[in-house]
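**Q** Take a look at this one; I'll ask things after.
The values are calculated or read from the model by the stated rules, or taken from the named source; none is laboratory data. From a predicted model like this one, the values you see are computed outputs, not experimental measurements. Here the Cβ positions follow ideal geometry from the backbone for every residue, glycine too, while neighbour counts run over all protein chains shown.
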Amino acid sequence: MTVAADSGVLEARNLTMQFGGLKAVSELNLVIPSRAIFGLIGPNGAGKTTVFNMLTGVYRPTSGEIHLHNFVTNGLKPYQITRRGLARTFQNVRLFKNLTVEQNILVSLDQNPAKRSFGLIASLLRTAAVLNSEAEKKAEALEILKVFRLDDRAMEQARNLPYGDQRRLEIARAIATGARILLLDEPAAGLNAHETAALMETIRFIRDKFEATIVLIEHDMKLVMGVCERIAVLDYGVKIAEGTPQEIQKNPRVVEAYLGKAASESQKGGDSSDEH
Amino acid sequence: MESVRTQAEAANRKMQPWMRSAGQTLMWGVMLAMAFAIGPVVEQWINPYWFTIVILCGINIILAVSLNLVNGFTGQFSIGHAGFMAVGAYTAALVTMGLGDNVSWVSFVAASGFPPEAVFPIGLALGGVAAAAAGYLVGMPSLRLRGDYLAIVTLGFGEIIRVVFMNMEAVGGASGLNNIPFFTNFGWVYSVVVLTVFCVWRMVHSAHGRNLLAVREDEIAGEAMGVNTTQAKVRAFAMGAFFAGIAGGLYAHYLRILTPQTFDFNKSFEIVIMVVLGGMGSISGSVLAAMLLTVMREALRVIQTWYDVDLRMIIYSLVLIVLMLTRPNGLFGTREILDILPSSWRRKLAGGGTKQ
């Protein structure tokens, strides 16, 4: 297979998801280039989360293909997709609440394909290699926590962290899997303006620090417009626009989807009057 | 990779990793050997009545700790543990009886100079393997189920096992299996107790164990972080069943008679109660609760002799209710008895690990 010039690390080709008579996502094409910060927006019920669920293997697409690092991932289970380099966070934070912050990271490091894993017998006998690997993982977990400024809370139960820290820990946990494509599902949900601003910094920082590719679903337009380099807009399961934040803000179809037809026409009117 | 390794080595400068590894495992080995060493002393020292309680304590510890792996650490509420115990008990009994009574086996064992007891560990191991296979079979289809639904399936499985044995003439049907050789002694029971605690403790404090904890905490998040949740659950089920099977084998060779009624759902609930009372996710909690409940049931017999009414089960139930009201997370919660030790000691014992 020849690699197309514009091929991305993550691609959706004619991706369709049908629930009974409802086409939640229809013929979606997305190309997400390496190290991009890509936004997926749309009104409620537009199919954004369905797209995420297909990309992460929770749903199996009705038709179409998902290419992850030029490998078709259709039909793989979520954990297999994560091990192939795509991890996610959740809209309503899903940490391992009763485990420590460190253990949350260790669970991900255990799955990291770059790390050596041991069989049951070796683990029960706790061989020297196992002990070494555990010590290495703990050191690495602390490194990752330092990056996310969570190292001083390593031994606390995840449930006791403030909400903003929990969101950061969730991203740290996704990074620890070794995945470098991160899908963030409404990362700013429940954060105040101050925390959202900090989150924007974090998103840019992890892209640069870990050379990660970031795809996010978000309703907070300030975050989307401020941090995303490219945005795709879904409405009723169909991609109605894609482009830079500036292009998206001006696109009449997007305005129509969000605010209704009248609003988009009045904006058109405004635009045309400007031309006079 | 190389630099990370030297870093880790620098951290463990005081002792070579292989020495720490061997030392810690040796410690468990010594405990296992001690069970055999003090066995004859214990058997001479205490009277037969209390000896039976001591043996039952050990068997219940094995059952409770192994069930805790499934219920407490993996969060899969299984109430069919007696079923796995039954599979192990019948398998082990058939192995030792078949091999012991069979002429060729007797002559073989005699000719090779082994005592007849030599078939016992083989029987126990095969009983464990058969139970683990049963655990695997139950684990696979019931993985899609959660909470109450899984509980019902495991309960149903336990009953199916019992009814199957009840209707199998080859194992004596409802009247049971008699004349099982008497092999179980203090040494065997408590060496298996040590082995069970060792395996479950190490399992839980390993990368494999973290997968189980991830499944318990949030299966969907675990799967999204790359945890093979199906594999984790099947492993927990199979390993829990393995030790339940061995416990069944020990039980069979102590009582010398097996009836299917022994393994009804009351037995399953008894084990669940031990796990819940001790604390779901606490190995030491399971150990203590198993001992406490086993002793309490017998101690309450005394009350029965004072009055003519059987108050035993009423008091037993009341104690459980009061304990659950005052300590809803069980006696230990998710803590271990080692947590009361200073943290420096704990680190050494847990192998340089942190509080789990």
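Each row is one residue, and each column tells you yes or no for (1) under 18 Å from the mean Cα position of the chain (by Cα); (2) crowded, with 21+ Cβ neighbours inside 10 Å.
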| residue | (1), (2) |
| --- | --- |
| B:Ser191 | yes, no |
| B:Thr196 | yes, yes |
| B:Arg216 | no, yes |
| B:Ile220 | no, no |
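**Q** Now for a different question. For segment B:261-271, state whether one or more residues are crowded, with 22+ Cβ neighbours inside 10 Å, farther than 30 Å from B:Glu169 by Cβ and of a type in the set (Val, Ile, Thr).
**A** Within segment B:261-271, none of the residues are crowded, with 22+ Cβ neighbours inside 10 Å, farther than 30 Å from B:Glu169 by Cβ and of a type in the set (Val, Ile, Thr).
**Q** Scanning for something touching a residue at least 40 places away in the same chain (Cβ under 8 Å) and surrounded by fewer than 20 Cβ atoms within 10 Å (Cβ to Cβ), does segment A:191-199 turn up at least one residue?
**A** no
**Q** Sort out for me the helices (runs of 4 or more DSSP H) sitting completely within segment B:277-356 that have 1 or more residues that are under 18 Å from the mean Cα position of the chain (by Cα) and either modelled with pLDDT of 80 or more or closer than 24 Å to B:Ile79 by Cα (or both).
**A** By residue number, B:283-299.
**Q** Residues B:Ser112, B:Ser66, B:Ser78: which one is modelled with pLDDT of 95 or more, hydroxyl-bearing (Ser, Thr, Tyr) and out of contact with any Pro (no Cβ under 7 Å at 6 or more places or on another chain)?
**A** The match here is B:Ser66.
**Q** Would you kindly identify the helices (runs of 4 or more DSSP H) lying entirely within segment B:119-220 that contain at least 3 residues that are within 14 Å of chain A (Cβ to nearest Cβ) and within 30 Å of B:Leu338 (Cα to Cα)?
**A** Qualifying helices (runs of 4 or more DSSP H): B:186-204, B:207-217.
**Q** Please verify whether segment A:103-110 includes one or more residues that are away from every other protein chain (no Cβ under 11 Å), in contact (Cβ under 8 Å) with a residue 40 or more places away in the chain, out of contact with any Cys (no Cβ under 6 Å at 6 or more places or on another chain) and closer than 30 Å to A:Lys48 by Cα.
**A** No: zero hits.
**Q** Determine whether segment A:168-181 contains at least one residue that is within 14 Å of another protein chain (Cβ to nearest Cβ) and either among the polar types (S, T, N, Q) or more than 26 Å from A:Ala139 (Cβ to Cβ) (or both).
**A** Within segment A:168-181 (the criterion being within 14 Å of another protein chain (Cβ to nearest Cβ) and either among the polar types (S, T, N, Q) or more than 26 Å from A:Ala139 (Cβ to Cβ) (or both)), the answer is yes, since at least one residue qualifies.
**Q** Just need a number here: residues in segment A:119-143 that are more than 8 Å from every other protein chain (Cβ to nearest Cβ), surrounded by 14 or more Cβ atoms within 10 Å (Cβ to Cβ) and of a type in the set (Val, Ile, Thr).
**A** 0
**Q** When you go through (1) touching a residue at least 60 places away in the same chain (Cβ under 8 Å); (2) surrounded by fewer than 24 Cβ atoms within 10 Å (Cβ to Cβ) one by one for B:Ile283, which number turns out not to apply?
**A** The one condition B:Ile283 does not meet is (2).
**Q** Could you please give the count of residues in segment A:65-84 that are of a type in the set (Val, Ile, Thr), part of a loop (DSSP other than H, G, I, E, B) and at the interface with chain B (Cβ under 9 Å from one of its Cβ atoms)?
**A** Counting residues in segment A:65-84 that are of a type in the set (Val, Ile, Thr), part of a loop (DSSP other than H, G, I, E, B) and at the interface with chain B (Cβ under 9 Å from one of its Cβ atoms) gives 0.
**Q** Return a yes/no flag: does segment B:239-249 have any residue that is part of a helix (DSSP H, G or I) and surrounded by fewer than 23 Cβ atoms within 10 Å (Cβ to Cβ).
**A** No, the conditions are met nowhere in segment B:239-249.
**Q** So A:Arg94 fits all but one of (1) farther than 30 Å from A:Lys138 by Cα; (2) within 14 Å of another protein chain (Cβ to nearest Cβ); (3) part of a loop (DSSP other than H, G, I, E, B); what number is the exception?
**A** It is condition (1) that A:Arg94 fails.
**Q** Test of understanding: among A:Leu76, A:Leu86, which residue is under 30 Å from A:Val9 (Cα atoms) and buried (at least 23 other Cβ atoms within 10 Å of the Cβ)?
**A** A:Leu86
**Q** Taking segment A:43-64, which residues are surrounded by fewer than 24 Cβ atoms within 10 Å (Cβ to Cβ) and part of a helix (DSSP H, G or I)?
**A** A:Thr49, A:Thr50, A:Phe52, A:Asn53
**Q** Kindly indicate whether any position in segment B:290-313 is closer than 29 Å to A:Gln157 by Cβ and out of contact with any strand residue (DSSP E or B) (no Cβ under 9 Å at 6 or more places or on another chain).
**A** Yes, segment B:290-313 has at least one match.
**Q** With a cut-off of at least 3 residues that are under 13 Å from the mean Cα position of the chain (by Cα), name the helices (runs of 4 or more DSSP H) lying wholly within segment A:160-271.
**A** A:163-176, A:193-210
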